[in-house]
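Participant: Please see the structure below; I have some questions.
The values are calculated or read from the model by the stated rules, or taken from the named source; none is laboratory data. Treat the numbers as computed from the prediction; the structure is a model and nothing was measured. Cβ placement follows ideal geometry from the backbone for every residue including glycine, while neighbour counts extend to all protein chains displayed. Protein only, heavy atoms only, side chains kept; ligands, DNA and RNA dropped before computing areas. Shrake-Rupley method; radii C 1.70, N 1.55, O 1.52, S 1.80 Å.
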Amino acid sequence: MDDASFKPSRRLFLASGLATGGALVVGFGFDAVAANEGATRLGDYVAIASDGTVTIRAKNPEIGQGIKTMLPMLIAEEMDIAWEQVRIETAPADEKRFGAQFAGGSMSTPMNYEPMRRVGAATRAVLIEAAAASLKKPAAELTVEAGVVHHKASGAKVPYGKLVATATKLKLPDPASVTLKPDSAFTIIGKSKGGYDSPAIVEGKPIFGIDVVVPGMKYAVFVKPPVYGAKLKSANIDVIKALKGVTHVFTLQGSGDFHSLQDGVAIVADKWWYAKAAREQLEVVWDDAVGAPHDSATYAAKAKELASTKGASVASHGDADAALSKAAKKIEAWFEAPFLAHVPMEPQNCTAKVTADGVEIWAPTQAPAWGRPHVAKALGVPEDKITIHMIRCGGGFGRRLENDYMVEAAVISQKAGVPVKLVWTREDDVAYDYFRPGNYHRFEAAIDGGKITAYKVRAVTFARDGKVAQGAGIGPHDFVPLISPNYALEQHLIETLIPTGYLRAPSSNALGFVHECFLDEIAGALNKDPFTLRQEIVEAAIASPRPVKDGERGPSYEPKRLKAVLETLRARSGWDAAKSGNGIGYGVATYFSHRGYFAEVAKVKVDDDGNWKVLKVWVVGDVGRTIINPTGAANQVEGSVMDGIGEMMSEITFEKGRAVQSNFQDIPMIRMPQAPHIDLHFELSDNGPTGLGEPALPPAIPAVCNAIFAATGVRVRKLPLLPETLSKAVRT
């Protein structure tokens, strides 16, 4: 994902007006600009009813990361209202009105932290001005408590709800000019709030994409080839048309667009069960020869062959080869990270209604705007004829950045002439994922005089059309180049037709594993405590600072921030008193990604049969000076740790271009009894707050792997880590 394209605009434009029902509507964006110039339509974030109820729109997709609660907290804070007054709605998918609307890259917090507060502050300012007029008191003498404006000297007061009519006649202030609260005055930010949707989820209310129902709706399945890019040769369409409940059956031709439509057979029925039952009788023939050379075993063999030769230089400093050639001691290791599937609990689905008047789509998507042009192209309609409703996602993890299911639903609705709800089975979801790409790494390190004098990596990753495949980047995090004065990272590419994409903490979720595990091996070669080695590397980086250059995901790495994190973690985890042995082990790992600095210590237990369990994980992270919603933040970190442990248990392999695994019986996920106790601490720093969807995941995997070594003496260099594999390694 190119995060550079997601930088928020620094310009905010506000406008107000009286909406239906007597509510004050406040917004910013292009529509608000137009409103200031005399147009009537407003982009809107806040609506205040006469009874004081404040409705705030959350602009970004909710995929379980808590953004629907967090973004309104920022607005409510600056408005000086009570959280109990707030109702929350999901904003329409309209980036012209609301700016970037996506869930990915842990970007929602850094992009919206200040803009949303300015919406709240400007709203408060215009309400104060209205109150000054109403009470005939100077605005400077007015204060606000829980949505009520007070003039303390006289005892006069008036609630926001009574100021709506007056406020709508006033000009909103320039958002850039409003004064934001100091952090010390926060009453909502920094206080734990439960997820706004949580009660509805607990009660099983229909709030997810798969719950959408529209009048006249039919149900659809779409049968695609098991090999990406394969072509449809034939299908028993007439037989399927005659089956009970089936209303439409037709073939669709793929567009050749990686993010859009593939060849397939659409079956539309009165009920989804009828569509699924008809699918089971579908006899379809594919020309799937294109997948023949794409096997996991072939990829692995090719990777080892490539890694024996010099690759393209990605990054380097000093002369790693020269240092390796004269080193007193060298260590080498080969690491493999597998392809992974996203498997969110809610399978892919989308409801679409295509008529001559336009297109309406209800989609659980992480990036609705990214799907719009694909739908427009597939249907041959202008983008402004497409309305997309953002529906809460039952998990995303990066899979719903792709909108192929949105295109499929729209095309099927157009051709069938009825609204349709397209539902994928779990098997569809696995077979047609945009997989986390696997990768391979040949490490070499030189040790001289008790120091690391060279660190070299030949990485093999995957390519599409000659370029690094989506989500397959192998660039190091900023900690790695600091390990040695002589450093080299080379890259080889294997061309693949397997669709690849972004999985939670993309790239970092594999690179954290390989680099932090190899660093533990270096510590062993140095006879040095692995925690101490990491601290020494950070201290050396602080002592010899390098030129600072912002990275593609934001501000550049600051070793001082990781130093503080490590110091706290060492004390908090009791590392110096921790004793490994008798099947118990402790491991440590760090990582910097998505603007977040994290270090973690894992405690594991390994049984004689190779079964392993993570007993406890200590997590310390620095994501800035403010934790906006502590409850939501803890949920994200705990989920990241458990997601990382889950990733250690599964893989996706391929035979002739087809995914071998198909469902949870062969894609094990971490279960409740396997969940470790997690001790979490945030190290606050003088930096703006950032997102937490991702940065706590990368160090979890190597911390556990290093703990397994401490417990068993077995180095984990290939995932997944299966009990039988570990048991065999222990015995040998």
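Participant: With the condition kept exactly as written, say whether any residue in segment 566-577 is outside any strand (DSSP E or B), touching a helix residue (DSSP H, G or I) at 6+ places or on another chain (Cβ under 6 Å) and within 19 Å of residue 480 (Cα to Cα).
Facilitator: yes
Participant: Taking the condition acidic (Asp, Glu), modelled with pLDDT under 95 and assigned to a helix (DSSP H, G or I), does residue 638 pass?
Facilitator: Numbers: acidic (Asp, Glu): yes; modelled with pLDDT under 95: no; assigned to a helix (DSSP H, G or I): yes.
For residue 638, the condition - acidic (Asp, Glu), modelled with pLDDT under 95 and assigned to a helix (DSSP H, G or I) - is not met.
Participant: Restricting attention to segment 591-598, does a residue exist that is among the charged types (D, E, K, R) and modelled with pLDDT of 95 or more? So that I can check it myself, show each step before the final result.
Facilitator: Of the residues in segment 591-598, the ones among the charged types (D, E, K, R) are 595.
Okay, now just the ones that are also modelled with pLDDT of 95 or more, so none.
Within segment 591-598 (the criterion being among the charged types (D, E, K, R) and modelled with pLDDT of 95 or more), the answer is no, since none of the residues qualifies.
Participant: Given 346, 360, which one is open to solvent by 40 Å² or more (accessible area, probe 1.4 Å) and charged (D, E, K, R)? First the steps, then the outcome.
Facilitator: Details: 346 fails: open to solvent by 40 Å² or more (accessible area, probe 1.4 Å).
Sole residue among the options that is open to solvent by 40 Å² or more (accessible area, probe 1.4 Å) and charged (D, E, K, R): 360.
Participant: To continue, here is another question. Looking at the structure I just gave you, is residue 521 open to solvent by 40 Å² or more (accessible area, probe 1.4 Å) and out of contact with any His (no Cβ under 7 Å at 6 or more places or on another chain)? If you could, list the steps in order and put the result at the bottom.
Facilitator: Details: open to solvent by 40 Å² or more (accessible area, probe 1.4 Å): no; out of contact with any His (no Cβ under 7 Å at 6 or more places or on another chain): yes.
No.
Participant: Can I ask one more? If you take the residues of segment 670-687 that are in a loop (DSSP other than H, G, I, E, B) and open to solvent by less than 60 Å² (accessible area, probe 1.4 Å), which of them is nearest to residue 567 (Cα to Cα)? Break it down into steps so the answer makes sense when it comes.
Facilitator: From segment 670-687, those in a loop (DSSP other than H, G, I, E, B) are 670-671, 675-676, 683-687; that's our starting set.
Still in the list and also open to solvent by less than 60 Å² (accessible area, probe 1.4 Å): 670, 675-676, 683, 685, 687.
Values: 670: 30, 675: 26, 676: 23, 683: 10, 685: 14, 687: 19 Å.
The selected residue is 683.
Participant: Just for segment 223-262: of the residues that are within 30 Å of residue 295 (Cα to Cα) and touching a Ser or Thr at 6+ places or on another chain (Cβ under 9 Å), which one is surrounded by the most Cβ atoms within 10 Å (Cβ to Cβ)?
Facilitator: Among those residues, the one meeting the criterion is 262.
Participant: Filter segment 456-482 for residues that are touching a helix residue (DSSP H, G or I) at 6+ places or on another chain (Cβ under 6 Å) and at pLDDT below 95; which is farthest from residue 436 (Cα to Cα)? Even if it seems obvious, please write down each step before you answer.
Facilitator: Going residue by residue through segment 456-482, those that are touching a helix residue (DSSP H, G or I) at 6+ places or on another chain (Cβ under 6 Å) are 456, 458, 460, 480, 482.
Then drop every residue that is not at pLDDT below 95, which leaves 480, 482.
Values: 480: 22, 482: 27 Å.
For segment 456-482, the residue satisfying everything is 482.
Participant: OK, next. Across segment 167-192, what is the total count of residues that are open to solvent by less than 50 Å² (accessible area, probe 1.4 Å) and on the phi < 0 side of the Ramachandran plot? Break it down stepwise before answering.
Facilitator: First pass over segment 167-192, keeping only residues open to solvent by less than 50 Å² (accessible area, probe 1.4 Å): 167-168, 170, 172-173, 175, 178, 180-181, 185-186, 188-190.
After this cut, where a residue has to be on the phi < 0 side of the Ramachandran plot as well, the list is 167-168, 170, 172-173, 175, 178, 180-181, 185-186, 188-189.
So the count comes out to 13.
Participant: Anything in segment 160-218 that is within 28 Å of residue 128 (Cα to Cα), assigned to a loop (DSSP other than H, G, I, E, B), among the aliphatic types (A, V, I, L, M) and modelled with pLDDT of 95 or more? List them, or say none.
Facilitator: 180, 188, 189, listed by residue number.
Participant: Just checking, which of 631, 690 is open to solvent by 20 Å² or more (accessible area, probe 1.4 Å) and within 25 Å of residue 344 (Cβ to Cβ)? Write out each step before concluding.
Facilitator: Working: 690 fails: open to solvent by 20 Å² or more (accessible area, probe 1.4 Å).
Matching residue, one of 631, 690: 631.
Participant: Which numbered condition in (1) in contact with a Phe, Trp or Tyr (Cβ under 9 Å, 6 or more places away or on another chain); (2) open to solvent by 10 Å² or more (accessible area, probe 1.4 Å); (3) outside any loop (DSSP other than H, G, I, E, B) is the only one that residue 471 fails?
Facilitator: (3)
Participant: Within segment 263-271, can one find any residue that is small (Gly, Ala, Ser) and surrounded by fewer than 18 Cβ atoms within 10 Å (Cβ to Cβ)?
Facilitator: As a first pass, look at segment 263-271 and keep what is small (Gly, Ala, Ser): 264, 266, 269.
Subsequent filtering for residues that are surrounded by fewer than 18 Cβ atoms within 10 Å (Cβ to Cβ) retains none.
So far as segment 263-271 goes, no, none of its residues is small (Gly, Ala, Ser) and surrounded by fewer than 18 Cβ atoms within 10 Å (Cβ to Cβ).
Participant: What residue, of 218, 241, 233, is free of Cβ contacts under 8 Å to residues at least 40 places away in the same chain, farther than 30 Å from residue 719 by Cβ and of a type outside the set (Gly, Ala, Ser)?
Facilitator: Details: 218 fails: free of Cβ contacts under 8 Å to residues at least 40 places away in the same chain; 233 fails: free of Cβ contacts under 8 Å to residues at least 40 places away in the same chain.
Going through 218, 241, 233 in turn, just one is free of Cβ contacts under 8 Å to residues at least 40 places away in the same chain, farther than 30 Å from residue 719 by Cβ and of a type outside the set (Gly, Ala, Ser): 241.
Participant: Now a separate question. Can you name the residue in segment 533-548 that is in a helix (DSSP H, G or I) and out of contact with any helix residue (DSSP H, G or I) (no Cβ under 8 Å at 6 or more places or on another chain) and, of all such residues, is surrounded by the fewest Cβ atoms within 10 Å (Cβ to Cβ)?
Facilitator: First, pick out the residues of segment 533-548 that are in a helix (DSSP H, G or I): 533-543.
Adding the requirement that they be out of contact with any helix residue (DSSP H, G or I) (no Cβ under 8 Å at 6 or more places or on another chain) leaves 536, 543.
Working: 536: 16, 543: 8.
The residue in question is 543.
Participant: What strands (runs of 3 or more DSSP E) lie completely within segment 231-317 and have 1 or more residues being over 30 Å from residue 489 (Cβ atoms)? Write out each step before concluding.
Facilitator: Working: elements: 231-235, 246-252, 264-269, 284-287, 312-317.
So the answer is 231-235, 246-252, 264-269, 284-287.
Participant: Of all residues in segment 277-296, how many are open to solvent by 40 Å² or more (accessible area, probe 1.4 Å) and in contact with a Ser or Thr (Cβ under 6 Å, 6 or more places away or on another chain)?
Facilitator: The qualifying residues number 1.
Participant: Of everything in segment 431-450 that's among the small types (Gly, Ala, Ser) and out of contact with any Leu (no Cβ under 6 Å at 6 or more places or on another chain), which residue is surrounded by the fewest Cβ atoms within 10 Å (Cβ to Cβ)? Spell out how you get there, then give the answer.
Facilitator: Just the residues of segment 431-450 that are among the small types (Gly, Ala, Ser), to begin with: 431, 438, 445-446, 449-450.
Remaining after also requiring out of contact with any Leu (no Cβ under 6 Å at 6 or more places or on another chain): 431, 438, 445, 449-450.
On the way: 431: 20, 438: 28, 445: 27, 449: 6, 450: 9.
Once the filter is applied, the top-ranked residue is 449.
Participant: Here is a further query. Is one or more of the residues making up segment 49-60 under 26 Å from the mean Cα position of the chain (by Cα), among the aliphatic types (A, V, I, L, M) and at pLDDT 85 or above?
Facilitator: At the first step, the residues of segment 49-60 found to be under 26 Å from the mean Cα position of the chain (by Cα) are 56-60.
Within this subset, residues satisfying the condition of being among the aliphatic types (A, V, I, L, M) are 56, 58.
Then drop every residue that is not at pLDDT 85 or above, which leaves 56, 58.
Yes, segment 49-60 contains a residue that is under 26 Å from the mean Cα position of the chain (by Cα), among the aliphatic types (A, V, I, L, M) and at pLDDT 85 or above.
Participant: Looking at segment 582-628, which of the residues that are open to solvent by 20 Å² or more (accessible area, probe 1.4 Å) and closer than 20 Å to residue 70 by Cβ is farthest from the chain's Cα centre (by Cα)?
Facilitator: Among them, the one singled out is 625.
Participant: Could you check segment 49-71 and list, in sequence order, the residues that are part of a helix (DSSP H, G or I), open to solvent by less than 10 Å² (accessible area, probe 1.4 Å) and either within 16 Å of residue 183 (Cα to Cα) or touching a residue at least 60 places away in the same chain (Cβ under 8 Å) (or both)?
Facilitator: 69
Participant: Okay, next question. May I ask you to list the residues in segment 92-148 that are more than 33 Å from the chain's Cα centre (by Cα), β-branched (Val, Ile, Thr) and either open to solvent by 40 Å² or more (accessible area, probe 1.4 Å) or closer than 19 Å to residue 180 by Cβ (or both)?
Facilitator: Our first condition is that a residue be more than 33 Å from the chain's Cα centre (by Cα); within segment 92-148, this holds for 125-148.
If we keep only those that are β-branched (Val, Ile, Thr) too, we end up with 126, 128, 143-144, 148.
Result: 126, 128, 143, 144.
To keep it simple, each residue is scored yes or no on (1) within 24 Å of residue 423 (Cα to Cα); (2) of a type outside the set (Ser, Thr, Tyr); (3) at pLDDT below 95; (4) touching a Cys at 6+ places or on another chain (Cβ under 6 Å).
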position: 301; (1), (2), (3), (4): no, yes, no, no
position: 309; (1), (2), (3), (4): no, no, no, no
position: 312; (1), (2), (3), (4): no, yes, no, no
position: 346; (1), (2), (3), (4): yes, yes, no, no
position: 352; (1), (2), (3), (4): yes, yes, no, no
position: 355; (1), (2), (3), (4): yes, no, no, no
position: 366; (1), (2), (3), (4): yes, yes, no, no
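Participant: Please verify whether segment 112-123 includes one or more residues that are part of a helix (DSSP H, G or I) and of a type in the set (S, T, N, Q).
Facilitator: Taking segment 112-123 as the starting set, the residues that turn out to be part of a helix (DSSP H, G or I) are 112-123.
When the remaining residues are screened for being of a type in the set (S, T, N, Q), the result is 112, 123.
Within segment 112-123, one or more residues are part of a helix (DSSP H, G or I) and of a type in the set (S, T, N, Q).
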